Structure formats: structure tokens, C-alpha cells
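Below is one structure, written out as C-alpha cells, with a few remarks after it.
No value in this document is a laboratory result; all are computed from the given coordinates. These numbers come from a predicted model, not from an experiment. Note that each Cβ is placed from the backbone with ideal geometry, even for glycine, and that neighbours are counted across all protein chains shown.
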Amino acid sequence: MRGLAKAKICIMDGPRKGTKIEVLFNPSEYSLETANNFKDTNTPGLDKPITQFLNGLAGRLTMELYFDTYTDGGGSDVTKKTDEIGKLMGIEEHAPPKVEFRWGWMAFCGVVEKLTQRFTMFLPDGVPVRAKLTVTFKGVKALSEQLKDPPRNSSDKTKRRTLTADSSIWLIAAKEYGDPRYWRLIANQNRIDDPGAIRPGTALVVPPLDTKQPGGSP
């Protein structure tokens with residue numbers, strides 16, 4: 001039988017690097033959110049826009065954490081516990097610290113993006129002894145890690161494409177470069193003045209994508 005693993009928030013940088021904040025009670029559930037960013041571009045001659053992938057968005061981890069110092073804690077001020085998490089939103093060395101939420105096999109690295117503290121029980125003198133915190137962590141990934149990923153741009157060498165009856169120079173640009181507005185690159189390479197007059201069956205040279213060359217900026 002496996003033992004009980006306590007959830008922890010570990011500070012990964014800043015003056016408190018190495019500090020571990022152990023939650024009083026493990027969360028009963030948590031949610032992981034991932035998303036991608038897309039852009040719709042209207043293209044002449046098409047009844048629907050072309051959807052282009054731009055980038056992935058940072059993931060988010062959201063959970064509720066409970067703190068109770070009335071039942072087990074002698075009725076001490078619960079904010080002494082909740083403030084440890086609240087401080088993670090403070091600026092340390094120009095930015096909030098990077099943290100990692102660890103619980104068993106799961107580890108999520110990011111920063112505390114949002115925190116809501118709700119105090120639900122008080123002593124007669126007003127001291128809070130029970131609280132529920134809703135915490136959202138936003139995932140972060142260092143530039144050095146992202147640069148290790150393989151290039152996403154497949155337009156790294158010259159290609160040849162034949163225009164079909166149901167295609168256009170804009171569609172070819174969208175397929176090869178990910179954006180139909182790069183049609184000028186193909187037009188300049190093939191010395192085309194009127195892209196709407198290209199006949200089906202025409203072989204087009206599709207050059208490598210280089211936004212620094214003439215016509216390379218959408």
C-alpha cells in the first residue's frame with residue numbers, strides 16, 4: 001500500500017530558492033488547461049478564412065487549497081499559513097518567483113498567476129481560523145528550453161508546385177508558409193504581375209521563406 005504523499009510548492013529561484021511550502025490538506029481535485037492560438041486570414045476568392053496556427057499558449061493549473069487551524073492548530077491565526085502562498089505573488093528580484101507544484105508523480109512548473117483567499121471561520125475576537133484558497137499557476141518555459149525544440153518552419157528549401165484548377169497562389173502560400181499573405185514571395189520569384197491571371201498547370205517555384213528579402217514581409 002502506498003503512503004500518503006503531501007503536496008508541496010517549491011520555490012525555484014529568487015532569494016527564497018529551495019524553500020518548500022507544504023499545504024495543510026491535499027487538494028480534492030485540480031484542473032489543467034492547455035490552449036493554442038490561431039489567426040484567421042481572409043483570402044480573395046475564398047468564402048471562408050484560412051486558419052493559421054500561431055503558437056501554443058502557456059498551460060494553467062488551478063486548484064482549491066484548504067487551511068484549518070481551528071480543528072488542528074489550537075485556534076491560531078490561519079493567515080500565518082495562507083500568507084506563505086500569498087507571498088508567491090510578490091516581486092522578488094524584479095518578478096514573482098518561479099515555483100513548482102509537486103504532488104506524487106505530478107510536477108507543474110510556473111508562477112502563481114492568480115490567488116483568491118476566502119476566510120470562512122473566525123474566533124470570537126475576529127481571528128480567522130479557516131480558509132479556502134483558489135490558486136492558479138501559469139506554466140513557464142525558459143527560452144533555452146524552447147530553443148531546443150525542432151524548427152516548426154518547413155519552408156527551408158526551394159520547391160516546385162503546379163497550380164491546379166481549384167488552387168491559387170494564395171492557397172499555395174498558405175500551405176507552404178502558413179500565411180497566404182506571403183504570396184508576393186512566389187509572385188516575385190516567378191515574375192508574376194497579375195496573380196489572378198495564372199493558368200492551371202503553371203509550374204511555380206516556391207522559394208525558401210525569408211522575410212528580409214523583397215516581398216517577404218506579409
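Odds and ends about this structure:
- Two-site label geometry, Met121 and Glu92: point separation in nm, points 7 Å out along Cα→Cβ: 3.0
- Here the chain is treated as a sphere whose radius is the Kirkwood value from Cα pairs; by Stokes-Einstein at 25 °C and 0.890 mPa s it diffuses with a coefficient of 111 µm²/s.
- Stretching the chain fully between Thr34 and Asp72 yields a gain of 10.0 nm (0.36 nm per residue, less the alpha carbon separation).
- Region 24-113: GluC sites (Glu not before Pro) in DSSP coil with no more than 16 other Cβ atoms inside 10 Å: Glu29, Glu93
- Exposure proxy shown here: for Phe108, Phe67, the number of other Cβ atoms within 10 Å sets the order, fewest to most, as Phe108, Phe67.
- For region 159-206, the fraction of C-alpha pairs farther apart than 12 angstrom is 55 percent.
- Burial ordering of Ser168, Ser31, fewest other beta-carbon atoms within 10 Å first: Ser31, Ser168
- Residues of type lysines that Lys17 reaches as a straight line, Cα spacing below 28 Å, ignoring anything fewer than 8 places off in the same chain: Lys6, Lys8, Lys80, Lys81, Lys87, Lys98, Lys114, Lys132, Lys138, Lys141, Lys148
- Relative contact order of the chain: 17 percent, from C-alpha pairs under 8 Å at least 6 residues apart in sequence.
- Among Ile85, Ile169, a tally of other beta-carbon atoms within 10 Å of each Cβ gives an order, fewest to most, of Ile85, Ile169.
- Rounded FRET efficiency, nearest 0.05, which uses the C-beta distance separating Val140 from Leu4 and R0 of 22 Å: 0.15
- Spin-label model distance (nm) - Val205 vs Thr164, 7 Å beyond Cα toward Cβ: 2.5
- Gaussian network model of the chain, Cα within-10 Å springs - most flexible of Met12, Met89, Met106: Met106
- Counting Lys and Arg as +1 and Asp and Glu as -1 over every other residue whose Cβ lies under 10 Å from the Cβ of Ile21, the net charge comes to +3.
- Selection from Val205, Asn42, Ala187, by position along the positive dipole direction of the chain (Cβ): Val205
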